[in-house]
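Below: one structure, written as structure tokens.
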Amino acid sequence: MNEQRRQILEMLAQGKITADEAERLIDALQREQPEPSPTGGTRPKPRHRYLRVLVSSEDNAGGDGPSRVNVRIPLQLLRAGVKLTSLIPPQALTKANAQLAKSGVPIDLTQLKPQQLEELIEQLDDLTVDVDDPGAKVQVFCE
């Protein structure tokens, strides 16, 4: 970790700056770094920050016009949630799994691992969503 990034994180830890300010400063540092030469190898893919779900419909039955949904979920929130499952007692996980299954969500929280979430996020690059309604457009992607 370079010195400037460490200083930003220290200021964040001390409460001198907010998390948003720290994120902007770190982004600015990354933009200032020189680009690697083309002979230096392949450039790694940028890490996705948000899961976006966009839905737009020209035909809004019963509404005053076209409808639009724009959801932007920070992936860091998902990553933190997966890490927090390790703190949940096994008995609670069993009960949560039973309730999820009862609601039609077949997810086993005891098997959820951070590595699997990263693999899922990587696969979202190739995600295709099919919508049966010709008047609606749905996009799900990471940015």
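The values are calculated or read from the model by the stated rules, or taken from the named source; none is laboratory data. All values reported here derive from a predicted model rather than from experimental measurement. Every residue, glycine as well, gets a Cβ built from its backbone with ideal geometry; the counts of neighbours run over all protein chains shown. For the accessible areas, the whole protein counts, side chains as well, though only heavy atoms, and no ligand, DNA or RNA atoms are used. Shrake-Rupley method; radii C 1.70, N 1.55, O 1.52, S 1.80 Å.
Points to keep in mind about this one:
- Residue satisfying condition, being open to solvent by 60 Å² or more (accessible area, probe 1.4 Å), at pLDDT below 75, in a helix (DSSP H, G or I) and out of contact with any Lys or Arg (no Cβ under 8 Å at 6 or more places or on another chain), within set ARG31, ARG6: ARG31
- Enumeration of residues in segment 40-99 that are under 21 Å from the mean Cα position of the chain (by Cα), among the polar types (S, T, N, Q), modelled with pLDDT of 80 or more and exposed (fewer than 12 other Cβ atoms within 10 Å of the Cβ): ASN70
- So LYS16, is it modelled with pLDDT of 65 or more, assigned to a loop (DSSP other than H, G, I, E, B) and open to solvent by 60 Å² or more (accessible area, probe 1.4 Å): yes
- Leading residue by the ranking (nearest to the chain's Cα centre (by Cα)) among those in segment 100-117 that are exposed (fewer than 11 other Cβ atoms within 10 Å of the Cβ) and assigned to a helix (DSSP H, G or I): GLN115
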